[in-house]
Amino acid sequence: MVEIGDWLRARQAEGTLRALVGLDHLGHGRVRLTGSAGPALLDFSSNDYLALSEHPALIAAASEALHRYGTGAGAARLMSGNFPVHQELEQAVAALKGQEAALLFGSGYGANVGIIAALMGRDDIIFTDRLNHASIYDGCRLAGAKLARFRHNDLDHLTELLASRRGKGGALIVVESVYSMDGDCAPLRELVRLKERYDCLLMVDEAHATGVFGAHGGGMIEEAGVAGGVDLAMGTFGKALGSYGAYVAASRQMIDFLVNRARSFVFSTALPPAVAAASLAAVRLIRQEPGLRQELHSRVALFKECLRQGGISADLGPSQIIPLQLGASAKAMAMAERLRTQGLFVPAVRPPTVPEGTARLRFSITRHLGEVDLAAAAAALCACCPR
C-alpha cells in the first residue's frame, strides 16, 4: 500500500498536487473565487461550449420534469428507474448520431468503462490512441484484453500494429473524435477503412464534438460522413449539450447486448428524469438551431485570429479547445496565476492528465463569452505569454 503522506509530499514537490478551487458561478461565462472580493473572471475552463446550461428551453424542460417526477429516478433502469423521458432521449440520440438505437449512462467515465469492459476480454485486443482519455484506458484495463497503443493520430503506426497483432480474437479500435486536451481531430475516414480492412470494431468518443460539429450537431462522425462506419458512437450531455450524463449509439443488437453486459449501466441508478429532460431539450435544440454552432465557430475564429495578430505562433488547432503548451508544471501554474490577475480563469493542466513535460493552459471557448471578452482575453494572454 502506498504511504499516503509521502505520496502527497512527492506530488507537492513536483508541482502536480491537485486541490479543489471554490468557484462562484455568476453566469454568462463569469466566475469568482469563493470568498474573494475581487472582480469576476472570464471562464475559459468550461466545456459548456454552446452555453446551453443557461438556455431557457433546457431550464423549462428540467423544471417541468422535476415537478412531475421529483428529484431522482429511484432505481436502476432494469428495476423501476426506466422513465419515458429516458427512452425518448435514446431515440433522439440515435437519430442524431445516425444509428439504430442508443443507451444512456450516468457519466462519460461510466460509459467508457462499461462499454469497453462489456465488449472485450482476455482473448481480444484493443488498439487505442496514446492520448485517449483516462476513462478509455480504465475500460481497457478492466476488460483484461491485450492492449496496443498507437502514436497519436499516427495511421502508419496503427496499421503496423494491426498487421502484426490483430490475431484471431475480437478487436476494437478506440479514439476520440476531438481530443480533450489537444483540441485536434481523429482521421475518421481513414480509421473506418482500417477497421474494415482488419475486421475490427470502431468506437469513437464524441464527448467534445457532439453539438459542436456536423450539420445537425451530430459531431465529427456526421461532419466526416462516417456514421455508418462507426460501430459505437459514445458521447456526453455535460459539455456542449449543457446537461449531464452520457450515451452510446450503435446497432439495435449492440445496445441490447450492452443493456445486459455493461455493468456501469446495469448496476447504476438511472439519470434523474429532470436531467434527461434537459438533455432531450438540448438534442432537439442543436438540430433546430444551427446558428448556435455557427456563432461558436465565429467566436473561436476571432479568438485565434487575435492571438495570431498578437504574435502567438503556436498551432491553435481546428476546434474550440486551444492548448498553449508551456512544458514544466511550475511554469504552467505560474502563467495561470498571472492570467488570473488579468481577469482570466484558465487552470493549468499538468501530468498525469497530459504527458510529462507538456503541461499547458487549456483555453475552452464557449458562447458565454462575447467578441469583446475574447479580444480582451487574447490581448491579455499575448501580453503575458513568452514568444
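Structure summary
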| item | result |
| --- | --- |
| Top-ranked residue of segment 146-166 - restricted to ones that are in a helix (DSSP H, G or I) and of a type in the set (D, E, K, R), ranked as farthest from D184 (Cα to Cα) | R165 |
| 3 or more residues more than 30 Å from A233 (Cβ to Cβ) and in contact with a strand residue (DSSP E or B) (Cβ under 7 Å, 6 or more places away or on another chain): qualifying strands (runs of 3 or more DSSP E) within segment 12-96 | 23-27, 30-33 |
| Single match in Q325, Q253, Q294 (criterion: in a strand (DSSP E or B) and surrounded by fewer than 22 Cβ atoms within 10 Å (Cβ to Cβ)) | Q325 |
| Test: G114 is modelled with pLDDT of 95 or more, touching a Ser or Thr at 6+ places or on another chain (Cβ under 6 Å), under 30 Å from G169 (Cα atoms) and not in a strand (DSSP E or B) | yes |
| Residue count, segment 46-105 (criterion: more than 30 Å from G370 (Cα to Cα) and either among the hydroxyl-bearing types (S, T, Y) or at pLDDT below 95 (or both)) | 3 |
| Candidate set from segment 111-138 (those that are touching a Leu at 6+ places or on another chain (Cβ under 9 Å) and among the small types (G, A, S)); member that is farthest from R261 (Cα to Cα) | A111 |
| Count of segment 297-309 residues which are surrounded by 16 or more Cβ atoms within 10 Å (Cβ to Cβ) and either assigned to a strand (DSSP E or B) or not basic (K, R) (or both) | 5 |
| Criterion (in the same structural domain as T128 (by TED's automatic domain parsing), out of contact with any strand residue (DSSP E or B) (no Cβ under 6 Å at 6 or more places or on another chain) and under 22 Å from T236 (Cβ atoms)) met by exactly one of L172, L142 | L142 |
| Candidate set from segment 339-387 (those that are surrounded by 14 or more Cβ atoms within 10 Å (Cβ to Cβ) and of a type in the set (V, I, T)); member that is farthest from T16 (Cα to Cα) | T366 |
| Residues satisfying the stated conditions in segment 124-164, i.e. within 22 Å of A111 (Cβ to Cβ), hydroxyl-bearing (S, T, Y) and free of Cβ contacts under 8 Å to residues at least 24 places away in the same chain | Y137 |
| Only listed residue being loosely packed, with under 15 Cβ neighbours inside 10 Å and under 17 Å from P347 (Cβ atoms), chosen from H67, H25 | H25 |
| Residue check, T341 free of Cβ contacts under 8 Å to residues at least 60 places away in the same chain, closer than 19 Å to L26 by Cβ, of a type in the set (S, T, Y) and outside the structural domain of H152 (by TED's automatic domain parsing) | yes |
| Total residues in segment 340-350, condition within 14 Å of P323 (Cβ to Cβ) and assigned to a loop (DSSP other than H, G, I, E, B) | 3 |
| The one condition in (1) surrounded by 13 or more Cβ atoms within 10 Å (Cβ to Cβ); (2) not assigned by TED's automatic domain parsing to the domain that holds M220 that P39 fails to fulfil | (1) |
| Count of segment 303-321 residues which are free of Cβ contacts under 8 Å to residues at least 12 places away in the same chain and either under 21 Å from T210 (Cα atoms) or in contact with a helix residue (DSSP H, G or I) (Cβ under 6 Å, 6 or more places away or on another chain) (or both) | 0 |
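So that you can scan it fast, the table gives a plain yes or no per residue for (1) over 22 Å from V226 (Cβ atoms); (2) under 21 Å from the mean Cα position of the chain (by Cα):
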site: G121; (1), (2): yes, no
site: F127; (1), (2): no, yes
site: A145; (1), (2): yes, no
site: L172; (1), (2): no, yes
site: L188; (1), (2): no, yes
site: E196; (1), (2): no, no
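Rundown of residues vs (1) surrounded by 16 or more Cβ atoms within 10 Å (Cβ to Cβ); (2) at pLDDT 95 or above; (3) in contact with a Pro (Cβ under 6 Å, 6 or more places away or on another chain); (4) of a type in the set (A, V, I, L, M), yes/no style:
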residue: K168; (1), (2), (3), (4): no, no, no, no
residue: V175; (1), (2), (3), (4): yes, yes, no, yes
residue: L191; (1), (2), (3), (4): yes, yes, no, yes
residue: Y198; (1), (2), (3), (4): yes, yes, no, no
residue: T210; (1), (2), (3), (4): yes, yes, no, no
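The values are calculated or read from the model by the stated rules, or taken from the named source; none is laboratory data. Computed from a predicted structure; not experimentally measured. Because the Cβ atoms are built from the backbone with ideal geometry, glycine has one as well, and the counts that use them run over all protein chains shown.
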